[in-house]
Amino acid sequence: MAYEPIWAADPSKLNKVELQKLEKDGLDVIRTIIEEYSVKGYEAITEDDLNRFKWAGVYEQKPKGEGNFMMRVRIPSGILNSDQARALAEIARLYGRGLVDVTTRQAVQFHWLRVEQLPDIFKRLEAVGLYSYEACGDCPRTIVGNPLAGIDPDELIDTTPIVEEVNRFFLLNRDFSNLPRKYKMSISANIYNNAHAEIQDLAFTPATKVIDGQEVAGFHVWVGGGLSAKPHLAKQLDIFVRPEEVLKVAIGVTTIFRDYGYREKRHHARLKFLVADWGPEKFLNKLLELIGDMPKRGEDKIAGWQAAYFDGVHPQKQPGLNYVGLNVPVGRMNADELTELARLADEYGDGSIRTTVSQNVLLTGVPDAKVDALLREKLLERFSPNPKRFMSRTVSCTGNEFCNLAIVETKERARRVAEYLDSKVDLDEEVRIHFIGCPNACGQKHIADIGLQGALVKTPEGMVDAFDIAVGGILGPGAKFNTVLKGRVKGDDVGEVLEQLILFFKENRSPEETFH
Ligand code: SF4
C-alpha cells in the first residue's frame, strides 16, 4: 500500500509543481511516453507531462519547441562494464549524433533524442542493467560513489554492494518518487573523499568505532549539503553507521525529507534548508525516532581531499593489478571513443570502465605486464593518462549549447580556455577550474580553485556573455566554498584574465603556498 502524503493536507502550501505531482506521479510518465507520446509524437505532449519527463531522466533540450531531448543515465558509483559501455555508445550513435557527456555525478548524458526513440532507448538500457529513470526529477538521483570501489588501496570498505542495495531500493520506488526537490546521495569509503560528501543532500563517509571491544569499519553521515544560488556544506550527524545499516539510515533521512521538507517555494525546497532550520541535533532526533537508536559518532577516516582526480597508472589493492586514470577533456567523448574504451577495458583490463565526478574515466584491473601496451594505444593520445595541467583540471556543465536554463556557453569555452592556459602558463601545480552556465551550479563552481559562473554584461554592442569569478573552493578537512571576486569578465577575455590571475599568484606566492 502506498504511503500517506501527510504534507498534502493543505494544498494552499504547495507550489505549482507539487500540485502537478499530486495529480500524476512523475514515474507514471514513463508508461505514457512508451504507450502514447512515442506513437503520437512531440506535438501530443502536454506541458505538465513535459515537466514530468525528468522522472524518465529526460529533459527538453534547447531550443524549446523543436522536439529534441537530453537524457541522463544513472551509473551508480560510476562503475560500468564493457557491455554497458558499448550499449551506451550504440545509443549515442543511433540516436544522439554520437555525443556522450560524462557528468559531475558520474552519469552519462545523451543529446538530440526524439520522443519516438525513447522506448527503444529504455529497452537497450534495461537490457544491460542501466536506467535513465529518476536520473532527474524530484527523487533520489544517481548515487555517487567511490569509482575505485573494490580495487582501492585507500578504501575502508568495498562500497559496491552497499551502493547497489541502496540504488535498488530507491529506483522506481513510489514511496520516494515524490520528494520536495532533487535529492543527491553519495556513499564512499575512500579516505580522500572522492565522492564530494559535503555537497550532497545525504553522504556516507568512512569512519571506525570500537564496539564491544572490536574496531568496526563503517560510516559517518552528513546531511543538507548542496550548491546552486545558496550553497550549503553538509552537516555531520552524531551517529556511527555499520555497513549493513546504510540502507536503513538512507530510508530514514529520505523519509524526513519527503515528509518534512518544504514544498511551498521551489527555490527553498532542498533538504539543505530544512537542515539549516532544524540544526543537526533536531534532525538526528527525528531520524532516531524513525529508525531506532544508533551508536554515537566514532573516528573520522577522511584524510584529505584529492578532488577525484586519478591521472596515470596506480597500483590496486590486488597485487599486480593497476588502474589507469584517463583525462576526458571537459567530459565529452563520442560514441566511437566509448566503444574503443570498452575494447581497451576488455583487452587490457577487467572489462570495467569507471566514470568520476571530475568528468574523467578509469580503466581497471590492468596487469603489470599489460600496462605499457595499453599506454601505447592510440586513444590514449586523446584521453591522456598524463594530461596537460589545465586541461586535466577543467570541468564544465552543459551550458547553452543544450541547456534551457543556461545564460552562456560553457563547454567549448572551457576547453579553449584550458588549452590557452596550457600554452601560456607554466605552473608547478594543478589548478581546478570549473565553469557553470547559470546559478544552478551543475559544474560545481563553488568547490573549484577558480569557479566561473555565467552571466551577461552590457557593452556598447549589446549584452554579451560574461563570467563572475570566484577563488579558493575546497572540500575535505577545512571545506569552504570559493569567494567571488569583484567585477565581471567578458567571455572572450576569460583566458587572458585567468592567465594574469595565475601568474600574479605564481610571482607573489610565499614558499610552500599552493593556489588553493
Ligand atoms: Fe544548465 Fe545551469 Fe546546470 Fe549549466 S549549471 S547545465 S547552465 S542548469
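We did not get these values from a lab; they are worked out from the coordinates using the rules stated. Because the structure is a prediction, the values reported are computed rather than measured. Backbone-built Cβ (ideal geometry, glycine too); neighbour counts: all protein chains shown.
Meeting the requirement of 2 or more residues that are in contact with a Leu (Cβ under 9 Å, 6 or more places away or on another chain) and among the small types (Gly, Ala, Ser), the helices (runs of 4 or more DSSP H) wholly within region 17-105 are 82-95.
Among the residues of region 464-481, is there at least one that is surrounded by fewer than 17 Cβ atoms within 10 Å (Cβ to Cβ) and among the β-branched types (Val, Ile, Thr)? Checked region 464-481: at least one residue is surrounded by fewer than 17 Cβ atoms within 10 Å (Cβ to Cβ) and among the β-branched types (Val, Ile, Thr).
Taking the listed residues Gly443, Gly454, the one that is under 19 Å from Gly495 (Cα atoms), touching a Ser or Thr at 6+ places or on another chain (Cβ under 7 Å) and part of a loop (DSSP other than H, G, I, E, B) is Gly443, with no other qualifying.
Among the residues of region 310-326 satisfying the criterion of being assigned to a strand (DSSP E or B) and of a type outside the set (A, V, I, L, M, F, W, C), which is nearest to Thr394 (Cα to Cα)? Of everything passing the filter in region 310-326, Asp311 is nearest to Thr394 (Cα to Cα).
Sort out for me the strands (runs of 3 or more DSSP E) sitting completely within region 327-386 that have 2 or more residues that are buried (at least 24 other Cβ atoms within 10 Å of the Cβ).
On the way: elements: 332-334, 352-355, 361-367.
Because the criterion is at least 2 residues that are buried (at least 24 other Cβ atoms within 10 Å of the Cβ), the strands (runs of 3 or more DSSP E) in region 327-386 that meet it are 352-355, 361-367.
Of Glu419, Glu507, all but one fail to be without any contact (Cβ under 8 Å) to a residue 40 or more places away in the chain and in contact with a helix residue (DSSP H, G or I) (Cβ under 8 Å, 6 or more places away or on another chain); the exception is Glu419. Number of residues in region 414-444 that are farther than 19 Å from Ile474 by Cβ and surrounded by 21 or more Cβ atoms within 10 Å (Cβ to Cβ): the value is 7.
Flag not set for Val275, criterion: farther than 18 Å from Val100 by Cα, β-branched (Val, Ile, Thr) and assigned to a strand (DSSP E or B). For the criterion of being surrounded by 19 or more Cβ atoms within 10 Å (Cβ to Cβ) and farther than 24 Å from Asp10 by Cα, Lys230 fails. Looking at region 388-413, which of the residues that are within 19 Å of Gln106 (Cβ to Cβ) and away from the ligand (no atom under 12 Å from the Cβ) is surrounded by the fewest Cβ atoms within 10 Å (Cβ to Cβ)? So the residue we want is Ser392. Note on region 434-463: among residues that are touching a Lys or Arg at 6+ places or on another chain (Cβ under 6 Å) and more than 16 Å from the ligand (Cβ to nearest atom), the one that is nearest to Gln200 (Cα to Cα) is Asp449. From the list Asp336, Asp350, the one residue that fits, being of a type outside the set (Lys, Arg) and in contact (Cβ under 8 Å) with a residue 40 or more places away in the chain, is Asp336. None of Arg242, Arg258, Arg263 is more than 17 Å from Leu287 (Cα to Cα) and of a type in the set (Lys, Arg) except Arg263.
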